[in-house]
1. Which ones in region 55-97 are farther than 16 Å from CYS123 by Cβ, of a type in the set (S, T, N, Q) and open to solvent by 40 Å² or more (accessible area, probe 1.4 Å)?
2. Which residue pairs have Cβ atoms under 9 Å apart, sit 6 or more places apart or on different chains, and have a first residue in region 72-91 that is touching a residue at least 24 places away in the same chain (Cβ under 8 Å) and on the phi > 0 side of the Ramachandran plot and a second that is among the hydroxyl-bearing types (Ser, Thr, Tyr) and open to solvent by 10 Å² or more (accessible area, probe 1.4 Å)?
3. From the list ASN99, ASN32, pick out the single residue that is in contact (Cβ under 8 Å) with a residue 24 or more places away in the chain, more than 14 Å from the chain's Cα centre (by Cα) and more than 26 Å from VAL8 (Cβ to Cβ).
4. Pairs, please: C-beta under 8 Å, at least 6 apart or cross-chain, first residue under 21 Å from PHE59 (Cα atoms) and in a helix (DSSP H, G or I) and in region 14-27, second open to solvent by 70 Å² or more (accessible area, probe 1.4 Å) and modelled with pLDDT of 95 or more?
5. Does any residue of region 31-41 turn out to be under 19 Å from PHE126 (Cα atoms) and at pLDDT below 95?
6. Of all residues in region 38-83, which are of a type in the set (A, V, I, L, M) and in contact with a helix residue (DSSP H, G or I) (Cβ under 7 Å, 6 or more places away or on another chain)?
7. Inspect all residues belonging to region 98-112 and state whether any of them is out of contact with any helix residue (DSSP H, G or I) (no Cβ under 7 Å at 6 or more places or on another chain), surrounded by fewer than 15 Cβ atoms within 10 Å (Cβ to Cβ), of a type outside the set (Asp, Glu) and not in a loop (DSSP other than H, G, I, E, B).
8. Among all residue pairs at least 6 apart or on different chains, which show Cβ distances below 8 Å where the first residue, located in region 36-49, is touching a residue at least 24 places away in the same chain (Cβ under 8 Å) and the second is of a type in the set (Ser, Thr, Tyr) and outside any loop (DSSP other than H, G, I, E, B)?
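The values are calculated or read from the model by the stated rules, or taken from the named source; none is laboratory data. Keep in mind that this is a model prediction, so the values were computed, not measured. Cβ: placed from backbone, ideal geometry, glycine included. Neighbour counts: every protein chain shown. Just so you know, the surface numbers come from the protein's heavy atoms only, side chains and all, with ligands and any DNA or RNA stripped out. Shrake-Rupley method; radii C 1.70, N 1.55, O 1.52, S 1.80 Å.
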Amino acid sequence: MLMEPDIVHAVTQKVCEFYLEANQRFFEQAGNLVDGFFFGNDFGTQKTLIMALDQFNEFIMPWFKKFTAQGHQYNYQVVLHSCGAIYDVIDQIINAGVNCIHPIQAKAAKMDAQTLADSFKGCVTFMEGLILNI
């Protein structure tokens, strides 16, 4: 992102356009048999984003907005997955129209249930991750 932003943009565009097309084909076939659209990747470490906020805004948020708008075109609830400490961008994610954020990674900075409730109650739903001890 720092050294070769044009290459990152080109590759990201290729990959994301593929998924936008694949989603559209699936959504058209699925119609109202689907209630929600789940997408994302991990954008946080235990302490903060895995990239600078400027990079997140340049490379990631435009695609979040496109995928979210696409899901809403089909009247689906949009669920965004991202592990890690993404607290600093949750307002932007909400403003992009995401309905639910998965997971709550309670040990990541500012991602515990109480902090999230105090900050975002009534604005977005948070879905807890599942941890199995086998």
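1. ASN57, GLN73, ASN75
2. Every condition considered, the pairs that remain are GLY84/THR45; GLY84/THR48.
3. ASN32
4. From region 14-27, the pairs are CYS16/LYS66; LEU20/LYS66.
5. Checked region 31-41: at least one residue is under 19 Å from PHE126 (Cα atoms) and at pLDDT below 95.
6. LEU49, LEU53, MET61, VAL78, LEU80
7. No, every residue in region 98-112 fails to be out of contact with any helix residue (DSSP H, G or I) (no Cβ under 7 Å at 6 or more places or on another chain), surrounded by fewer than 15 Cβ atoms within 10 Å (Cβ to Cβ), of a type outside the set (Asp, Glu) and not in a loop (DSSP other than H, G, I, E, B).
8. Short answer, once both residue conditions are applied: PHE39/TYR19.
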